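K.L.:
Just dropping this structure here.
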Amino acid sequence: MVYISGHNIISSLGFSSSENFKNINKNITGIKLWTDNTLSPEPAYVSLVNSKKLDAGFLNPDSFTKYEKLLISSIKNALKNSKVDIKNKKTVLIISTTKGNINLLNKKLNLKFENERVQLWKSSEIIKEYFKNPNQAITISNACISGALAIIVAKRLIDSGKFENAIVSGADILPEFTLSGFQAFKAVSDGPCKPFDANRTGMTPGEGAGTVILTNDKTKALKPLISILGGTSSNDANHISGPSRTGKELAIAISKSFKEANLLAKDIDYVSAHGTATLFNDEMEAKALSLTKLNLTHTNSFKGYLGHTFGAAGIIETIFTINSLSENKLYKSLGFKNKDINEINIISENKNFNVKNAIKTASGFGGCNASLIVSKEKSDINNFRKIEFVIKKKIKLQDNRLFINDIEINPIENYNDLSFSKYAKALYKFFKIKYPKYYKMDKLSKLAFLASEILLKDEDFLKKYDEEDISVIISNGSSSLDTDAEYQKTIEDKNNYFPSPSVFVYTLANIMIGEICIRNKIKGENTVFISKDFNKEFIFEYVEILFNLGKAKVSLCGRIDYNYPHGNYIAELYLIEMNK
Amino acid sequence: MEDLTLKLKEQIIEALNLEDMEVDEIETDEPLFGEGLGLDSIDALELIVLLEKNYGIKIENPKDGQKIFYSIKTMAEYITEHKS
């Protein structure tokens, strides 16, 4: 059983959960028109955290980046009202972010931090050291579901007995990098975003941090007792940026969470949706809610208040959901006026309502979806069975050398002299792969794609499984930094400013999973864990947890990393199945 | 016009990483999206950047792209009409 022990939100609406709750209750938005051209040549509606106020909480504000300060302030504040000890060996620190310190790539900002700081694992290490947490920090970077997924991972690690408490903290800043990319995608709204409104015109980018502290110890929990009953991720296997056209895969994530929590749609009193206010995302969500019989359930999106805070969004919105449960109150979905054709029950005014069970959903680039159930009444059954796994096949593709089941085969001549791109293309031809999309991929996705093709070659192994029972769990080091740096070049020169959408779309590590899922029609659990080195035991342990929970029956898992800035690479991929 | 269509084909192959394609494999009149080259929504956005970068033409509403990017021919006609 996993209970809520504390929380904090830092956003454009304030530096504490209560300040944010107060503003939401008054239906105030933190979204403002921003005209400073250091953020974007064109004015844009955004939701930003006051940097001066953030700095005021630090004796030496210059020793940390804004991203790190968001995490530190949020964790500090959440710990204040919690009995959980962050220095305890049984407490794990889990950090969710999409881009971390990405603004350090912009050399014109003259930020005086070591280059390594742009690595997501490095900033997580700094946070861990700041709070003297004794365990290795777990970093999750899985596009816009990162925050929700981090809470799900925390619950699983506690339920499995590996830890007793978890500090789950997510943050993202809004630099020119992110804003320009979404502008290039023509996805940014020309006013504050209007989730689920028939006349919605796109998303509003934002920044912020959220922290939620979880524990299995009732005496450390907040009153009223609120627990996380279940959670699931899924993949659309449709497109790397566009959402599913049917909503079926988000529906998979919702149904599997119902099953885990032993609840039915009628038991759910409230849906805290993702609701980015882009045309296709909201349409997809509405379809998924109909498919899962939640179309009459009270639903809102908090994006009209805070915009999209990316890696923080799932955590911040889960905290708002917790507030609805403890206050018995539902909050207006700000920006919604006109009903859409895909009708769902959007909350148009604040109202008192006894919320016993709620579901939080999230969806993101790479085709990923997540759902998690928050409850104040039911207690869940910890049904951990012990299921072992077997490794069916292993592939290692490292710096132009290829191993299948630990035996080296080198089909490419002069492989030592080739660049990655040339070597990869030679492999693509050698294995007679026909997939024109391959050429559009960035290096990380090409690497992941090739490794998975070779792993699954000549095997109809996956065919005996349902698409939703196949999982892809990847450990990665440098995230998408190699491509991030390439994208940064397209926005560096103000006289030659052409942000490239086809480069920007690859600036998330989990896009590689999206590519594998599209190619193989895989719709199950999917996660990118970031760590400096490959912690194989952790990845295997996590896959075992998925098997134990019935969330997957087979897994493609391992390490896929294209190092930045050195360019050395590794894909060590395993095909693992349950030992029945 | 013929020069422009040839140049456009080269630019599209480069911008959209259509590595297996040669210029003469792209038909001037055939649809670029759907059946034709199998381009998708990200490619459409990249074509908007291509027009702005190489021809100084700005397309504000991505929906306008549907008509403009129908084929190489429609693209060339639009460029000839709007080039500053």
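All of the numbers you see were taken from the coordinates with simple rules; none came from a lab. Being a predicted model, the structure only gives us computed values, none of them experimental. Cβ placement follows ideal geometry from the backbone for every residue including glycine, while neighbour counts extend to all protein chains displayed.
K.L.:
Could you work out, residue by residue across A:493-501, how many beta carbons of other chains sit within 10 Å of that residue's beta carbon, and then give the average as an integer?
P.N.:
Partner-chain Cβ atoms within 10 Å, mean over residues of A:493-501: 3.
K.L.:
With each label point set 7 Å from Cα along the Cα-Cβ vector, what nm distance links A:SER419 and A:LYS76?
P.N.:
The two pseudo-label positions are separated by 4.6 nm.
K.L.:
How fast does chain A diffuse by Stokes-Einstein, in µm²/s, taking the Kirkwood radius from C-alpha pairs at 10 °C and 1.306 mPa s?
P.N.:
Value of D from the Cα-based Kirkwood radius: 67 µm²/s.
K.L.:
If each DSSP helix of 4+ residues adds -39,500 (n - 2.57) and the sum is divided by the residues in chain A, what number results at 222 nm, nearest 500 deg cm²/dmol?
P.N.:
-9000 deg cm²/dmol
K.L.:
Another question, then. What FRET efficiency would be calculated for the residue pair A:LEU279, A:GLU349, taking the C-beta separation as r and a Förster radius of 30 Å, to the nearest 0.05?
P.N.:
Efficiency at R0 = 30 Å is approximately 0.75.
K.L.:
Given a Förster distance of 45 angstrom, what is the FRET efficiency for B:ASP3 paired with A:LYS32, based on the Cβ-Cβ distance and rounded to 0.05?
P.N.:
Step by step, r from the Cβ atoms, then E = 0.40.
K.L.:
Whole Å is fine, so just give me how far the alpha carbon centre of region A:342-373 lies from that of region A:14-48.
P.N.:
The distance from the Cα centre of region A:342-373 to that of region A:14-48 comes to 22 Å.
K.L.:
Which three extents, in angstrom, do the Cα atoms of region A:389-578 have along their principal axes, listed largest first?
P.N.:
Principal axes ranked by extent give 56, 38, 31 Å for the Cα atoms.
K.L.:
Relative contact order for chain A: what percent, with Cα pairs under 8 Å and sequence separation of 6 or more?
P.N.:
Computed over chain A, the figure is 18 percent.
K.L.:
Taking square-rooted eigenvalues a ≥ b ≥ c of the alpha carbon gyration tensor, is region B:2-82 rounded, prolate or oblate, where a/c under 1.5 means rounded and, failing that, a/b exceeding b/c means prolate?
P.N.:
It is rounded, given that a/c, with a ≥ b ≥ c, falls under 1.5.
K.L.:
On full extension of the chain, what length is gained from A:ILE341 through A:LYS463, given 0.36 nm per residue of separation minus the C-alpha to C-alpha distance?
P.N.:
Computed gain between A:ILE341 and A:LYS463 is 40.2 nm.
K.L.:
I would also like to ask the following. When DSSP beta bridges are limited to those with both residues in the protein assembly as shown, what percentage is antiparallel, rounded to the nearest 5?
P.N.:
DSSP beta bridges in the protein assembly as shown are roughly 65 percent antiparallel.
K.L.:
Between A:ASP55 and A:ARG245, with labels modelled 7 Å along Cα→Cβ, what's the label distance in nm to one decimal, could you check?
P.N.:
Result for the modelled spin labels: 5.0 nm.
K.L.:
For A:LYS83, go through the aspartates and glutamates and keep the ones whose alpha-carbon is under 15 Å away, minus same-chain ones fewer than eight residues off.
P.N.:
A:GLU164, A:ASP217
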